[in-house]
Structures are given as C-alpha cells and as structure tokens.
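Enquirer: Sharing a structure here in structure tokens format.
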Amino acid sequence: PNAKFFILFLHSNGEDIGMCHAFVSRLRDLLEVHVLAVEYPGYGICPGTPSEERLHAAARLGFGFMTQVLGAEPADVILFGRSLGTALALALGAEFRVGGLVLVAPFLSLREAVSQFTGIQLAEVLLEELFCNKDRIKSVEAALGGFRARASRGDMNEPCGASGTFPADR
C-alpha cells in the first residue's frame, strides 16, 4: 500500500492476465510496487475481437486508470511490455512521459518478426506493417531496459543493447 511506483504490465500474444498472475505477483512483492496487468480484447475472458487499434486502446485505458483513477503521476509509472506488449508499451511511452520502460522480447515490427520464419518477401505479401516499434521508439523519452531471447544460440534473456535513455528529439 505504500509503494511509490506503478508498473503497467502488458503481456505477450500467447498469454492472458490469468497466466501472468504469478509473475506480476512476484514482481509486485520483489520490487514493492503497484502492478496493473492489462487484458486485451479477445484474450482470456475479455470480450471482443483483437486488433492493433483495440489493443492500443486497452493499454491506454489501463494507463488512464492508473493516472486518473489511482492518481499515479506518469513519471511514477513504469511500462513493462513482453513481446506483443512491447509494442503497446512503446506506444504509451511515445505518448506520455513515463518513469521507465522495460521491454522483454521486443521486435521491430510484426512483419519483420514473421519474416524470420517465412522470409521477407512472403512476410510482405502476408502482412501489412503492424506494431511498427522501429519507428515508434524514436518518439520515446524514458529510461529503457530491454531483453531479447535468442533461442537459436541458447542465451535467453541476453541484454539487447537497446538499454539507455532515449530523448524524444532522437
């Protein structure tokens, strides 16, 4: 109850907040922070159909709840995104000046992530450019920490080299 900081947790595509409960509970206890996990339309028990716009709207709603209802200052909010959630965290980080941004398993864009499995030519045919993180990160001004998994080399959770503070004018 006396925690100063708030973490807005934005989960990956292959999970819902029920699957994240143990992780966010440990995060809360270890870091002594408030944690709000956002569910996306069409995931878990949340009704609706997922789309890029609806997922971004759900993330903004969670951020608005933290700042407008709970009274958190944006500078006291740390956005924590995992995989798909990194795109939503980056969008919020580009829109609001937050206290920090943690990206676990980030990707440049959905098309580029899929192209690792299909090749770029097929990915360009199959997908429009969605969740374009490579463009969005240029607008983020927050302390940034990131980790990516490199399953092919077996060195999971290797720091991705994108850690640092990113000014908005970059």
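Please treat every number below as a calculation from the coordinates, not as lab data. Please read all numbers here as calculations on a predicted model, not as lab measurements. Here the Cβ is made from the backbone with ideal geometry for all residues, glycine too, and neighbour counts use every protein chain on show.
Enquirer: For L130 and L108 in one chain, what is 0.36 nm times their gap in residues minus the Cα-Cα distance, to one decimal in nm?
Expert: 6.9 nm
Enquirer: At what distance in angstrom do the alpha carbon centres of the range 1-33 and the range 86-136 lie from each other?
Expert: Taking the Cα centre of the range 86-136 as reference, the centre of the range 1-33 is 22 Å away.
Enquirer: Still on this model: Å³ per residue of the Cα convex hull, for the range 103-144? Before the final figure, lay out the partial values.
Expert: Numbers: hull volume 2.6 nm³, N = 42.
Output value, Cα hull per residue: 62 Å³.
Enquirer: Using unit Cβ charges (K, R positive; D, E negative) and no other charged atoms, how large, in debye to the nearest 20, is the dipole of the range 51-114 about its Cα centre? Please list the in-between numbers first.
Expert: On the way: 5 positive and 6 negative charges, 22 e Å.
Computed about the Cα centre, the dipole is about 100 debye.
Enquirer: Now for a separate question. Give me the dipole magnitude in Debye, nearest 20, for the range 11-62 about the Cα centre, with unit charges on the beta carbon: positive for Lys and Arg, negative for Asp and Glu. If you can, show how the numbers build up before the last one.
Expert: Details: 4 positive and 7 negative charges, 15 e Å.
The dipole of the range 11-62 has a size of about 80 debye.
Enquirer: Just add up the charged neighbours of H11: K/R +1, D/E -1, any other residue whose Cβ is under 11 Å from the Cβ of H11. Each step should come with its number before you reach the end.
Expert: Values: positive: R82; negative: E15, D16, E39.
Around H11, the charge tally is -2.
Enquirer: Could you please report the charge total around L126, scoring K, R as +1 and D, E as -1 over all other residues with beta-carbon less than 15 angstrom from its beta-carbon?
Expert: Details: positive: R111; negative: E112, E124, E128, E129.
Within the 15 Å Cβ shell, the charges total -3.
Enquirer: For the ranges 90-97, 43-50, 4-11, what's the packing order if you count other beta-carbon atoms within 10 Å of each residue, average per peptide, and put the highest first? Intermediate values should be presented prior to the final figure.
Expert: On the way: 90-97: 20.9, 43-50: 12.4, 4-11: 22.4.
Ranking the peptides 90-97, 43-50, 4-11 by packing returns 4-11, 90-97, 43-50.
Enquirer: Normalized C-alpha radius of gyration of the range 1-138, against 2.2 N^0.38 Å? Write down the numbers at each step before the final one.
Expert: Values: Rg = 15.3 Å, N = 138, 2.2 N^0.38 = 14.3 Å.
Compared with the compact-globule rule of thumb, the range 1-138 sits at 1.07.
Enquirer: Run the dipole for the range 1-112 about the Cα centre, Lys and Arg Cβ at +1, Asp and Glu Cβ at -1, nothing else charged, and hand back the magnitude in debye, nearest 20. Intermediate results must be reported in sequence, preceding the final value.
Expert: Working: 8 positive and 11 negative charges, 17 e Å.
Here the size comes out at about 80 debye.
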